[in-house]
Amino acid sequence: MSTNFFDFGKQRPHLSRREAIRRALFAGSGLLLARHLTFSAFAAPPTGRARSVIQIWMWGGPSHLDMFDPKPEAGYDYCGPLKSPIETNVSGMRICELLPQLAKQADKYSIIRSMTHGNNGHETAAYIVQTGRQPGGRLVYPCVGAVVSLERGYDAGYQGLIPPYIVLTEPQGRFDEAGFLGARYKPFATGGNPAQTPFAVEGVVSPGITAQRQKSRRELLHQLDTLALTLPDDPQITANTQAENQAYDMILGDGAKVFDLAEEKPELRDRYGKSKFGQSCLVARRLVERGIPYVTINYGGWDTHKNNFQAMQRQLPEMDKGFATLLQDLADRGLLDRTIVWWGGEFGRTPKVQWEAPWNGGRGHYGKVFCHVVAGGGFKGGQIVGASDARGEEVKERPVYPVDLIGSIYAQMGIAPTTKLPNPEGLPTFVMPRAGEGIKSAGVLKEIMSA
Amino acid sequence: MKISPIIVALSCLGVTALAQSRAPHLAYVYPAGGQAGTTFQVVVGGQNLMAVSNAFITGPGVRAVVLDHQRPMNQKEFNDLRDRLKVLQEKFQAARRNRSGANAWTAADAAEREQIRAKILRNPPNRKANPAMMDTVTLKVAMAADVAPGDREIRLAMPSGLSNPLRFCISNLREFSKPAAQAANPELEKFIEKLGGKPAPTGTPKYEAAITLPAVVNGQITPGEVDRYRFAARRGQQLIFTASARSLIPYLADAVPGWFEAVLTIYDAKGMELAHQERFRFDPDPVLHFEVPRDGEYVIAIHDSIYRGREDFVYRLTAGELPLVTGIFPLGGRRGEKTSVTLTGWNLKAKSLVHENTQTGTAPLTGDFLNPVPFTVDDLPECTESATNDSLQTAAALTLPIIVNGCVRRPGEQKYFKFAGQAGQKIVAEVFARRLGSPLDSNLRLTDASGKQIAFNDDWDDPACGLETHHADSYFAATLPAAGTYFIALADTQGHGGPDFAYRLRLGGPEPDFALRVVPSSLSLRAGMSAPVTVYALRRDGCTNAISLSLQDAPPGFSLSGARIDANQDKAQFTLKAPAWPTDEPVAITITGSAVIQGKQIVHVAEPAEDMMQAFIYRHLVPVQEFAVTVSGPPRRFLAGAFKILSQTPVKLSPGRTARVRVSAPPGNFSGRFKLELRDAPAGISLARVAPVAAGREWELTFAADQGKARPGFKGNLICEVVPQFQKSSERKKAAAQPTRRDAAAMLPAIPFWVAAE
């Protein structure tokens, strides 16, 4: 019996002329999303504690010294004007003074201060952090979101109307998220801006088109569809009609509602912050509330080569508000226990400030040591894992490699490290690398994983 | 409240001991040169240029004076002017509607409206402007008629700062310059349109002009821009077009690729492409040779390879039927001898020249041709390879040490040499090709008589190659296992070959030596104060010796502290102290390093260099012409006795312990306003405490050595900065909003130290 369970049929299904026409008819308004009608969680409950992941992807590489690993004692050339970190609600845990709301939520999250991989290139580092693998070799590995989509998505019995892997709002574009798993496991990027009304989710919410107009369009389509009238019992046409019904349910029913932030109380929306990031956090909460297994918020603007401190002054309050409210809101609704919130980027930034032109107080890429933050889903709060040295330049204790963190997330999701991944070459490939693959590891984060 | 004179003095220093963060920083100079015997205007773009008062160009015969400064007005200033303009406009329209009204439109109103418009248009705000080149200074440059063509350097100075240098060229050809580029400013375009001006142009920017050859054309490339120059040419002319772009501004820190990648294309009058060049061999600056097919008009076009553009994408395009050398042979010669050098190229009047080899090292070979080419002089015996040593059987026999001058003339060709070696004999083999302008991408293999490989090298990292981003020369050091015949094979890694693929192969025992680079190449000091300087040692053939550094023929009053690169170390940071009086213009300082190697004293001059970043990450030490130092500010007699190291040095630091150093303190309540910080603290060393002693006349500095991190045996310098301790709340707010490097109010002389073994 072949061990290759990669289904090329799923990967590249035969496309009939009729199917092509149907897709062409529906594609413009996103009706293809309608393969799955109802909201539901997993068909078979996973064994892990976590049901969903919200990944706040700080793309560009956030400065570890200016956020979760402040080093005021290192002097001005390292900390610049951000030299007064604040205490959090966890004794001895200090973070940047521009994160007062997150300081009040510190008991809900753990800071990993010894993340390391040593790579300073955006694309490569993003690949390493999101797949746990090193680039090169014969395979392009899928990122965590795609693996969760495989293991907790449609193939695992998920029947939600919304795709199991959502990106708010734009794809990162640094690498192929699905890797060798193929397009089926790529995320659905919403597009649009949740801070605007309506949140124009691509193919789901059409700005400027009312529900009534959408219904009128449907009626017009039916009038033109003489084939369905002529062959009402044709199974293919019946299937198409079902798909169409599902699609319209998606657009005009519950599917669109999940993105309708008008359903939320204005006070809560304000607490998240009216920024794109803040409202994305709110949408993420709504999605995991409905059982979506994996949501990534692609949060750009952290590649602060120039004027780093002006960027921190501008952006950190926005991040503080959105991230802190997300944690509190998830906790208030009893969702935090089953939702992992994973915050981090591809690397940190050079601890020593580049004062000279053209940087004018900027920070470069730094993969030697940086921070990630995890909360919920079985991860303990109020903990600090590892440490960097006095200037944040080296790992001082307990290195954490991306694969260690990813393995911990999988463990909390109930995804076994030995779970096989289908790959096009039929090679035995697993969600976690095996010893012979040469991937550096210091072990999963047992110290912050609830028993 | 009594204010101590020292506090006032140090506070007034503001940009004091070294004010490099607020010193002018040059991003580009445009045009980047001119014709001898002419006077012309030059725009210099950069940062912190508004207080620039002087411009200095190296060498005699060229003078520059500052005419004007420009910086886009800030948004608040613009908003105020715009609001006032709006009020005036409403008044104007109201007056037109009701001529007899009390609110009449006056001549003063009209004048004010025009003034505001002119002010905005002259100096518009630009939120999109790159801060690193937002300021511009206009200079008038006058070149004497008898100045020799070549490269100079330009620096701008203000009372408390001296800029980095930029290359500035002198030619003897007619020069043509397109108007200086303006930074893109979409908001200004909209504003001009509102004022009734022309709508902003759309589409790809293009510039076209007619030129007469020969000429040097100066331009800047803005985003997407293609500059086109029409010229007339006659059938059979051998035209040369050489672009200088990357060579003018070698590395851009914030761009990928990290320089302006110029591309040249020639079109005929009908727009048909006839020739195209993107580089000249491994050099990113293209050279295009064009044999004119028929009499007529042609166009040479220049743009960036991926159509980027910004103000610092400056080029000089030299065009005409000009003599250009593309290759020489040999690439060098022996000191004390004369070498007949064969030239290849286009439009050359002579096919060879004789070079008198007086001084070792690499220097430009000049003659009756456009481009200087590198030529190197060594002390070792030399030979020229035979034409037949292209197989193991015909390997040329060598007696070591020797330098072989050769050429890989055919694609795929291998060159073989053999020599007799002894067991345990150390052998060094080194190719000089890329470094001397040859396109050869060498590899070297050492085998014994049985064909067993002893050593191999393709490329090695030579930090001395500041401008080469693909250094392809080979080098290895090996120890021979037994007595016998050994073979060296040399080939082009890419399998290429040709008459220009020349090389010099050095083969012999190790010759430990070093080269030095001093960084930065511009320094501004307050009178009587110290500033840090770094010298890098580029060691070769296993040189590990300590190198003592000293000033050579420096003007009175300059001195060095801690100037020594210890054994096995590759750099040292130490301090240069200025005299107690200011200088009128930059002084060229020369630092030399000497070491006793194998019983011989070797002395080398530290070549000034800029530590430049390429494409966000790579760093290069790029040699420049001068280490220029300015000394500013009045002498401060009360500081004469301050900041002297009183304890014996070098200071002994023991891991896990502390050591104390006494320093003479300035008068007054110093510690209330200032504190000391250790700059670029060596691994494991920290400044634990500073305390006034001897009734405040001295400070006691306590340095701590970390048990685990301080490396026993390590030697270096402790450099302490005097920095302001307290700031006013308004200053704090400003610093938080616009943080910049905090300038040291003063700097102590370097304190040499060593870490003991215990």
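The values are calculated or read from the model by the stated rules, or taken from the named source; none is laboratory data. Keep in mind that this is a model prediction, so the values were computed, not measured. Positions of Cβ are generated from backbone atoms using ideal geometry, with glycine treated the same way; all protein chains shown enter the neighbour counts. Accessible surface areas use protein heavy atoms only, side chains included; no ligands, DNA or RNA. Shrake-Rupley method; radii C 1.70, N 1.55, O 1.52, S 1.80 Å.
Structure values in brief
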{"quantity": "Two-site FRET efficiency, B:ALA683 against B:ARG235, from Cβ-Cβ distance with R₀ of 51 Å, rounded to 0.05", "calculated": "0.15"}
{"quantity": "Reachable lysines, given that their alpha-carbon falls under 16 Å from the alpha-carbon of B:LYS426 and they are not under 8 places away in the same chain", "calculated": "B:LYS418"}
{"quantity": "Carbon and sulfur %, accessible surface of chain A computed with the full protein complex present, 1.4 Å", "calculated": "52 percent"}
{"quantity": "Extension gain, B:GLU278 back to B:GLN738 (0.36 nm per residue minus Cα-Cα distance, nm)", "calculated": "161.5 nm"}
{"quantity": "Ellipticity estimate at 222 nm from DSSP helix runs (n ≥ 4, -39,500 (n - 2.57)) divided over the protein assembly as shown, nearest 500", "calculated": "-5000 deg cm²/dmol"}
{"quantity": "Neighbourhood net charge (11 Å Cβ-Cβ; Lys/Arg +1, Asp/Glu -1) for B:ASN74", "calculated": "+1"}
{"quantity": "Length released on extending from B:GLU297 to B:ALA483, taking residue separation times 0.36 nm less the Cα-Cα span", "calculated": "60.1 nm"}
{"quantity": "Accessible area in square angstrom per residue, chain B, 1.4 angstrom probe", "calculated": "46 Å²"}
{"quantity": "Relative contact order (percent, whole number), chain B, Cα cutoff 8 Å, 6+ residue spacing", "calculated": "11 percent"}
{"quantity": "Percent breakdown of C-alpha pair distances by 20 Å bin, ordered from the shortest bin, for chain B", "calculated": "14, 39, 34, 12, 2, 0"}
{"quantity": "The range B:246-317 shape via C-alpha gyration tensor axes, a/c threshold 1.5", "calculated": "prolate"}
{"quantity": "Förster-model FRET efficiency, 60 Å R0, B:GLN625 and A:GLN196, C-beta, rounded to 0.05", "calculated": "0.60"}
{"quantity": "Estimated inter-spin distance, B:TRP460 and A:THR210, nm [label 7 Å along Cα→Cβ]", "calculated": "8.0 nm"}
{"quantity": "Loop-located trypsin sites (Lys or Arg not before Pro) in the range A:275-352 whose Cβ has at most 12 other Cβ within 10 Å (DSSP)", "calculated": "A:ARG333"}
{"quantity": "Gyration tensor verdict on the range B:535-656 (Cα atoms; rounded if a/c is under 1.5, prolate if a/b is larger than b/c, oblate otherwise)", "calculated": "oblate"}
{"quantity": "Net charge dipole size for the protein assembly as shown [Lys, Arg +1 and Asp, Glu -1 on Cβ; Debye, nearest 20]", "calculated": "2860 debye"}
{"quantity": "Projected area, mean over directions - the range B:227-370, Cα convex hull, nm²", "calculated": "10.1 nm²"}
{"quantity": "Computed over the range B:112-254, Cα set: Rg, Dmax in Å", "calculated": "19.2, 62"}
{"quantity": "Cα-based Rg of the range A:307-406 normalised by 2.2 N^0.38 Å, two decimals", "calculated": "1.26"}
{"quantity": "Approximate spin-label separation A:GLU267-B:ALA588, in nm, with each point projected 7 Å along Cα-to-Cβ", "calculated": "7.6 nm"}
{"quantity": "Check: chain A dipole with +1 on Lys, Arg Cβ and -1 on Asp, Glu Cβ, in debye", "calculated": "180 debye"}
{"quantity": "Long pairs among A:LYS368/B:LYS571; A:LYS321/B:LYS709; B:LYS577/B:LYS600; A:LYS352/A:LYS446, criterion Cα-Cα beyond 28 Å", "calculated": "A:LYS321/B:LYS709; B:LYS577/B:LYS600; A:LYS352/A:LYS446"}
{"quantity": "Relative contact order (%) - criterion: Cα under 8 Å, at least six apart; region: chain A", "calculated": "30 percent"}
{"quantity": "Paired Rg and Dmax values of chain A, which use every Cα atom, in angstrom", "calculated": "23.0, 80"}
{"quantity": "Helical segments meeting 15 Å axial Cα length and Kyte-Doolittle -1.0 threshold in chain B (DSSP H)", "calculated": "B:107-122"}
{"quantity": "Around B:GLN115: net Lys/Arg minus Asp/Glu count, Cβ-Cβ under 11 Å", "calculated": "+2"}
{"quantity": "Euclidean distance of C-alpha centroids, the range A:267-338 and the range B:460-519, integer Å", "calculated": "56 Å"}
{"quantity": "Projected label distance in nm at B:LYS652 and B:VAL603, using a 7 Å step from Cα toward the beta-carbon", "calculated": "3.4 nm"}
{"quantity": "Selection from B:GLN75, B:ALA563, B:ALA55 lying farthest towards where the dipole of chain B points positive, charges on Cβ", "calculated": "B:GLN75"}
{"quantity": "Sequence-distant residues sharing a close amide H with A:VAL385 (under 5 Å, placed H)", "calculated": "A:ILE111, A:ILE112, A:ARG113"}
{"quantity": "Surrounding net charge for B:GLN89, when Lys and Arg each add one and Asp and Glu each subtract one, Cβ distance under 14 Å", "calculated": "+4"}
{"quantity": "Positive-end residue of B:LEU480, B:GLY46, B:ALA628, charge dipole of chain B with Cβ unit charges", "calculated": "B:GLY46"}
{"quantity": "The protein assembly as shown shape via C-alpha gyration tensor axes, a/c threshold 1.5", "calculated": "rounded"}
{"quantity": "Test item: Cα-centred dipole of chain B, Lys/Arg +1 and Asp/Glu -1 on Cβ, debye", "calculated": "3060 debye"}
{"quantity": "Buried solvent-accessible surface, both chains (A, B), 1.4 Å probe, Å² to nearest 100", "calculated": "1800 Å²"}
